[in-house]
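Step one of this worksheet: look at the structure below.
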């Protein structure tokens, strides 16, 4: 049984920058235009989806998990929390961060994502793009052992790897280099059907560290806890409800009931913002 309190009034979305952090300033230097749409046309572009985020307490996160697992299986059969580590790249003028801060309706960012603690033998180079309320993701899988070479200045992607070619093209166009590592423990439920993907994820213990290294290792003593947005002061987790086109009925009800806790939150933006004001 769903134990969440019932709310029918959709409350204002809380922006973490306004609620918990001072504003930052980034360069006003004119930025290159967004790449032409052809950059994104790849045979393995993942379907677009809507991602709705909520900052909640540990108790509420547990209730969301128990309610959602009645409808969705564990992602890849993994029911226990899994470590996720992401290396975010940006231009010298922090172009991707600036786009997010400006609230551009069409924007993207580059990251390298690995799973496990330590990270497994495969990692994913990703272009995460947002158009309006829809999120698209391209990813290319490479071996962890070759990541430093792939992110090197002289690497050329094979013509048979369109996603990797797109990643490298954008990286070189914007001169994007590693800026920050972000890590969290994630529980995930996911199902893909005829109407697309439906998923629920819960991220806890979100932490970060600035870096210029081209790997996902990080320095053991350099991790800092990310500050979460919210109104109660008890927020420990970020819940994401993800769906393609239209959420199922049970998720619609959950979105309404979680409305008071809805936030605008980006791990990359939060980490960079905390780093730049420290």
Study note, to complete from the structure: Final fewest-first order of 266, 105, 237 on the 10 Å Cβ neighbour count is 105, 266, 237
Practice item. Using only alpha carbon positions, build the gyration tensor of the range 79-146, then give the equivalent ellipsoid semi-axes as the square roots of 5 times its eigenvalues, largest first, whole angstrom. Key: 25, 14, 11
Point to revise | Rounded, prolate or oblate (a/c below 1.5 giving rounded, otherwise prolate when a/b exceeds b/c) for the range 139-278 by Cα gyration tensor | key: oblate
Review point. What is the fewest-to-most order of 217, 166 by other Cβ atoms lying within 10 Å of their Cβ?
Key: 217, 166
**Study point:** Neighbour-count ranking [beta-carbon atoms within 10 angstrom, fewest first] of 243, 79, 115
**Key:** 79, 115, 243
Exercise for review: Working from the alpha-carbon coordinates of the range 129-200, get Rg over Rh, Rh being the Kirkwood radius.
Suggested key: 1.02
Point to revise | Simple spin-label estimate for residue 277 and residue 122 in nanometres, 7 Å along Cα-Cβ | key: 4.0
Practice item. For the range 236-278, evaluate the Debye formula with one uniform point scatterer on each Cα (no solvent term) and list log10 I(q)/I(0) at q = 0.16, 0.20 Å⁻¹, rounded to two decimals. Key: -0.58, -0.75
Review point. Using the alpha carbon gyration tensor of the range 39-158, what are the three equivalent-ellipsoid semi-axes (square root of 5 times each eigenvalue), largest first, in whole Å?
Key: 28, 21, 15
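Of all the Cα-Cα pairs you can form in the range 80-221, what percent are over 24 Å apart?
Roughly 33 percent, once rounded to a whole number.
Any read-out appearing in this document is the output of simple, stated calculations on the displayed coordinates, not a laboratory observation. Quick caveat, the model's predicted, so the values are computed rather than measured. Positions of Cβ are generated from backbone atoms using ideal geometry, with glycine treated the same way; all protein chains shown enter the neighbour counts.
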